[in-house]
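Notes follow once the structure below has been shown.
The values are calculated or read from the model by the stated rules, or taken from the named source; none is laboratory data. The structure presented is a predicted model; accordingly, all values stated were derived computationally and were not measured. Note that each Cβ is placed from the backbone with ideal geometry, even for glycine, and that neighbours are counted across all protein chains shown. Only protein heavy atoms, including side chains, enter the accessible area calculation; ligands, DNA and RNA are left aside. Shrake-Rupley method; radii C 1.70, N 1.55, O 1.52, S 1.80 Å.
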Amino acid sequence: MTERTLQHIANAGGTPNHFLTHPDKDHPGLLWWSRALNGLTEQGYSHDELARQILAVQFHGYHSQSWRPIPYTLPSQSFAFHLVRRAISRDAVIVLGRIAAMWKIAVPELASYPHVVTPKQNRSVQISRGNFNPEDFERIEQALKG
């Protein structure tokens, strides 16, 4: 899995989210993404469509039981901040979840960016009608329709 992930990251042209297209239907990554995007698949979007249209950028690329900021910026974070700035430059809808305030410190442009949406429950990663106000969920859907 690590090798597959690194191949996807290294592709300069971008690649689909390989967890959403994973052939093993019991793979933990596919199960996690399926739950997170269930609200969109219920609206008729396929995993293949979502794999090509959604970019997930982690503030810290590691799992934590109890998150705390670390007192320095990792090289991977600098790259993540660059990806978010590129998304801003193309007017992408950006969903800020759990640590929205930290993202706005790291990428100050997010504080005034008009295409930021946040879930009602910031600890929930589910992109669904119930977790966003109607206007924001509509903005997500419009972005997916292109």
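Roll a 1.4 Å probe over the protein heavy atoms and report the accessible area of residue 6 in Å², nearest 10.
110
Near residue 120, which lysines are there with a Cα under 28 Å away, not counting those fewer than 8 places off in the same chain?
Straight-line reach from residue 120, under 28 Å: 104, 145.
For n ≥ 4 DSSP H runs only, could you compute -39500 (n - 2.57) per run for the chain, divide by its residues and tell me the 222 nm figure to the nearest 500?
So the calculated ellipticity at 222 nm is -12000 deg cm²/dmol.
Considering the convex hull of the alpha carbon atoms of region 75-146, report its projected area averaged over all viewing directions, in nm², one decimal.
Orientation-averaged projected area of the Cα hull: 4.9 nm².
Just the number please: accessible area per residue for region 13-55, 1.4 Å probe, all protein chains included, in Å².
Averaged over the residues of region 13-55, the accessible area is 57 Å².
Based on the alpha-carbon set only, what is the convex hull volume of region 56-112 divided per residue, in Å³?
85
Each residue of region 76-83 in order: what ³J(HN,Hα) in whole Hz does its phi give by Karplus 6.51 cos²θ - 1.76 cosθ + 1.60, θ = phi - 60°, with x for Gly and Pro?
Per-residue couplings from phi come out as 5, 5, 4, 5, 4, 5, 4, 4 Hz.
If I model the chain as equal point scatterers sitting on the Cα atoms and use the Debye formula, what is log10 I(q)/I(0) at q = 0.12, 0.21 Å⁻¹?
Result of the Debye calculation: -0.52, -1.75.
Quick one: go through region 5-27 and flag any residue whose amide nitrogen is under 17 Å from the point 7 Å out along the Cα-to-Cβ line of residue 79.
Backbone N within reach: 5-19.
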